[in-house]
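Enquirer: The structure's right below; bear with me while I get my questions together.
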Amino acid sequence: MIRHSVGTESYGQNIGYGVTPEEIGKMITNMMYNDEAGLYAGLYGQANPDMSNFHHWGHFSQIVWKDTNTVGCATVKCSNNLRWNTVCNYGPPGNFGGRYAQNVGRPQGAAMAVA
């Protein structure tokens with residue numbers, strides 16, 4: 001089982017599974033960004049958005065978090081698991097309460113890319 005790292009890490013993290021290395025770009029673009037962006041729509045400008053639906057838009061907000069300037073991803077198939085697992089680490093981390101308004105900006109009008 002793959003789980004988010006928790007503790008004192010200085011990075012944010014998104015995890016995806018079941019997608020081959022050749023398809024991971026599509027998964028991040030279409031599922032973590034495109035599918036979740038609309039679910040964040042009513043929350044722009046709020047420093048502390050309602051977190052009850054965080055599991056529906058948390059990947060998106062980490063991807064676009066303004067203060068994040070480094071990302072690294074790896075896709076591997078563990079020997080004890082039949083599916084592919086992808087972990088992306090983001091630094092500095094995003095998704096901090098009180099900082100959403102300044103870090104998650106409204107889309108600028110460009111059409112969404114579909115991978």
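No value in this document is a laboratory result; all are computed from the given coordinates. All figures in this text were calculated on a predicted structure; none of them were measured in a lab. Methodologically, a virtual Cβ is constructed for each residue, glycine included, from the backbone with ideal geometry; neighbour enumeration extends over all protein chains shown.
Enquirer: In a solvent-free Debye calculation with one equal scatterer on each Cα, what is log10 I(q)/I(0) for the chain at q = 0.15, 0.16, 0.17, 0.22 Å⁻¹, listed in the order of the q values?
Expert: -0.69, -0.78, -0.88, -1.35
Enquirer: In Å, what Rg and Dmax follow from the Cα atoms of the range 62-110?
Expert: Cα radius of gyration and Dmax of the range 62-110 are 14.9, 44 Å respectively.
Enquirer: Ok, one more. May I ask you to list the residues of the range 41-62 whose amide nitrogen lies under 20 Å from a point 7 Å from Cα along the Cα→beta-carbon direction of Asn30?
Expert: The answer is 56-61.
Enquirer: Tell me, what ³J(HN,Hα) does each residue in the range 88-105 have, in order and in whole Hz, if you take phi through Karplus 6.51 cos²θ - 1.76 cosθ + 1.60 with θ = phi - 60° and put x for Gly and Pro?
Expert: Working through the residues one at a time gives 10, 10, 10, x, x, x, x, 6, 9, x, x, 10, 5, 4, 7, 10, 10, x Hz.
Enquirer: Next question, about the same structure. Using Cα atoms only, what is the angle between the long axis of helix 54-64 and the major principal axis of the chain, expressed in degrees (0 to 90) to the nearest 10?
Expert: On a 0 to 90 degree scale, this one is about 90.
Enquirer: Pairing rule first: another cysteine's C-beta must sit under 4.7 Å. Under that rule, which cysteines of the chain stay single?
Expert: So far as the 4.7 Å Cβ criterion goes, Cys78 stand without a partner in the chain.
Enquirer: Within the range 8-115, report the trypsin sites (Lys or Arg not before Pro) that DSSP leaves as loop and that have at most 12 other Cβ atoms within 10 Å.
Expert: Taking the range 8-115 and a limit of 12 other Cβ atoms within 10 Å, the loop trypsin sites (Lys or Arg not before Pro) found are Lys66, Arg83.
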